[in-house]
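All remarks here apply to the structure that follows.
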Amino acid sequence: MRRPVVAIGVVVTAFVGTLTLSVEGQTGATEAPAGFDNLTNGFVDQATFDAAKLVFEEREEIDEGLGPVYNAQACAECHQNPVTGSASQISELRAGHRDAAGNFVDAPGGSLINDRAIDASIQERVPGAENVRTLRMSTNTLGNGFVEAIANATLTAIANAQPGQSAGAIAGQIINVPVLEAPGQVRIGRFGWKNQHASLLSFSADAYLNEMGITSDLAPTENTSLGRSLALFDEVPDPEDPGNADVRAFARFMRATKAPPRDADVANDPDAVTGSQLFNQIGCNICHTRTITTAPAGTVINGGAFTVPAALGNKIIHPFSDFLLHDIGTGDGIVQNGGQSTRNKLRTLPLWGTRTRPRHMHDGASLTFTDAILRHGGEATAVTNRFRNLLAGQRSQIVTFLQSL
């Protein structure tokens, strides 16, 4: 049984449990390289990759602009397991409240509550009135160059196909977000728990500011401490990363990383093979999209600021994500770039590399794969119920499959 889905510029054939996507006229796609091996994917040479990786790992100090409020001293503090660029157990804290109309309002100075400060007198803490609170786990950045190279039309086609695959229950939301390096331009968001960024330069500048407190030409305004100016504590002139030198190195590193690999031994286990089939049969892959092909080499993206190179273009990736926002009943109530309609929606977590994470879901509160699956409600209720109705051995086979990713 199959249903054709119409999408401009994208050829889509939706089978029950399967979605195959390719840009119209696109042929000759090849598998993206994968590995936890600290080797370049070919976007840059190995020496350039190694140099960018060192910047990603570099520990920032106060005289370099660290803080005044911040979460970490290096990108690799939050993105390291099992190699630099992966995910970790580190989380960030966000908070706010709802107004009389039910709309989310940031805590003073913004929803991000930084965990660290260069002076005890400016330490941020969640005010009692800010009763919408959440933890956000650090995300994997390996393979993000391929994610950046996914065409807008491909993500749109995935979103358009989902209602038909789920009897109308599942409908991923697309949001268009600003591209910082191309003022006035927007693109479909795909990075961050709320899809708040579409380009790796924008993503890097945002993280440098919000996680390390370092300003750049792309994000030149220093943060506050719950709305209080920190000018007296900030002795390094802004922008602290002039010319976006470090921001560009972070993006260069991520663009050159390989995709997270599967564990081949576990993947070939008969239980994992059967679990993979069950994963499709109950509908997990409607949102956790198995296979996407990136835009052809030469495609101009990010508002004209980046051209997809051969190393990233026309590559087949297996992220197990649609990179769309969904309400699965676990939403954190926080609004960022998407407006109030996204308050209880989160980006589908890419499951590639998920075997390296002992804490699951956006808040890290689920400590087993089964717990994480059973937390899915909202749009995913029917899929979760199908999981519940499986035999115990079948549920175990799905878990074995997830342990291969």
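The values are calculated or read from the model by the stated rules, or taken from the named source; none is laboratory data. A quick note: this is a predicted structure, and the numbers were derived from the prediction, not measured. Positions of Cβ are backbone-derived with ideal geometry, glycine not excepted, and every protein chain shown enters the neighbour counts. Keep in mind that these areas ignore ligands, DNA and RNA; they rest on the heavy atoms of the full protein, side chains included. Shrake-Rupley method; radii C 1.70, N 1.55, O 1.52, S 1.80 Å.
General observations
- Put simply, of G329, G275, G313 the only residue that is more than 28 Å from P183 (Cα to Cα), at pLDDT 95 or above and open to solvent by less than 10 Å² (accessible area, probe 1.4 Å) is G275.
- In the range 263-272, of all residues being of a type in the set (D, E, K, R) and either touching a Phe, Trp or Tyr at 6+ places or on another chain (Cβ under 8 Å) or not in a loop (DSSP other than H, G, I, E, B) (or both), the one that is most open to solvent (accessible area, probe 1.4 Å) corresponds to D265.
- Conditions (1) in contact with a His (Cβ under 6 Å, 6 or more places away or on another chain); (2) open to solvent by 40 Å² or more (accessible area, probe 1.4 Å): number failed by L226: (1)
- Residues (farther than 20 Å from K53 by Cβ, open to solvent by 20 Å² or more (accessible area, probe 1.4 Å) and of a type outside the set (A, V, I, L, M)) located in the range 139-165: N152, T156, N160, P163, G164, Q165
- From the list T384, T356, the lone residue that is hydroxyl-bearing (S, T, Y) and in contact (Cβ under 8 Å) with a residue 24 or more places away in the chain is T356.
- Residues in the range 282-310 that are part of a strand (DSSP E or B) and among the aliphatic types (A, V, I, L, M): I292, V300, I301.
- Evaluation of V105 against the conditions (1) part of a strand (DSSP E or B); (2) in contact with a Ser or Thr (Cβ under 8 Å, 6 or more places away or on another chain); (3) not acidic (D, E) shows that the sole unmet condition is (2).
- Unmet criterion (only one of (1) surrounded by 18 or more Cβ atoms within 10 Å (Cβ to Cβ); (2) part of a loop (DSSP other than H, G, I, E, B); (3) without any contact (Cβ under 8 Å) to a residue 60 or more places away in the chain) for A100: (1)
- Residue list for the range 188-236, filter: closer than 25 Å to I150 by Cβ and of a type in the set (D, E, K, R): R190, K194, D206, E211
- Leading residue by the ranking (farthest from D263 (Cα to Cα)) among those in the range 362-405 that are open to solvent by less than 40 Å² (accessible area, probe 1.4 Å) and touching a strand residue (DSSP E or B) at 6+ places or on another chain (Cβ under 8 Å): E379
- Qualifying residue in the range 234-252 (condition: under 14 Å from Y70 (Cβ atoms), in contact with a Pro (Cβ under 8 Å, 6 or more places away or on another chain) and at pLDDT 95 or above): yes
Here's the yes/no breakdown for (1) in contact with a Gly (Cβ under 7 Å, 6 or more places away or on another chain); (2) part of a loop (DSSP other than H, G, I, E, B); (3) without any contact (Cβ under 8 Å) to a residue 12 or more places away in the chain; (4) not polar (S, T, N, Q):
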position	(1), (2), (3), (4)
L312	yes, yes, no, yes
F320	no, yes, no, yes
T330	no, yes, no, no
N344	yes, yes, no, no
W352	yes, yes, no, yes
D363	no, yes, no, yes
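For (1) of a type outside the set (A, V, I, L, M); (2) open to solvent by less than 20 Å² (accessible area, probe 1.4 Å); (3) touching a residue at least 24 places away in the same chain (Cβ under 8 Å), each residue gets a yes or a no:
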site	(1), (2), (3)
L232	no, no, no
V236	no, no, yes
T257	yes, yes, yes
F279	yes, yes, yes
I282	no, yes, yes
I286	no, yes, yes
T291	yes, no, yes
P296	yes, no, yes
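- Among the conditions (1) open to solvent by less than 40 Å² (accessible area, probe 1.4 Å); (2) under 15 Å from the mean Cα position of the chain (by Cα), the only one that Q336 does not satisfy is (1).
- Residue within the range 22-38 that is surrounded by 14 or more Cβ atoms within 10 Å (Cβ to Cβ), part of a strand (DSSP E or B) and at pLDDT below 95 present: yes
- Residues in the range 41-74 that are hydrophobic (A, V, I, L, M, F, W, C) and open to solvent by 20 Å² or more (accessible area, probe 1.4 Å): F43, V44, A47, A51, L54, V55, I62.
- Among all positions in the range 64-71, there is no residue which is part of a loop (DSSP other than H, G, I, E, B) and either of a type in the set (F, W, Y) or under 19 Å from G339 (Cα atoms) (or both).
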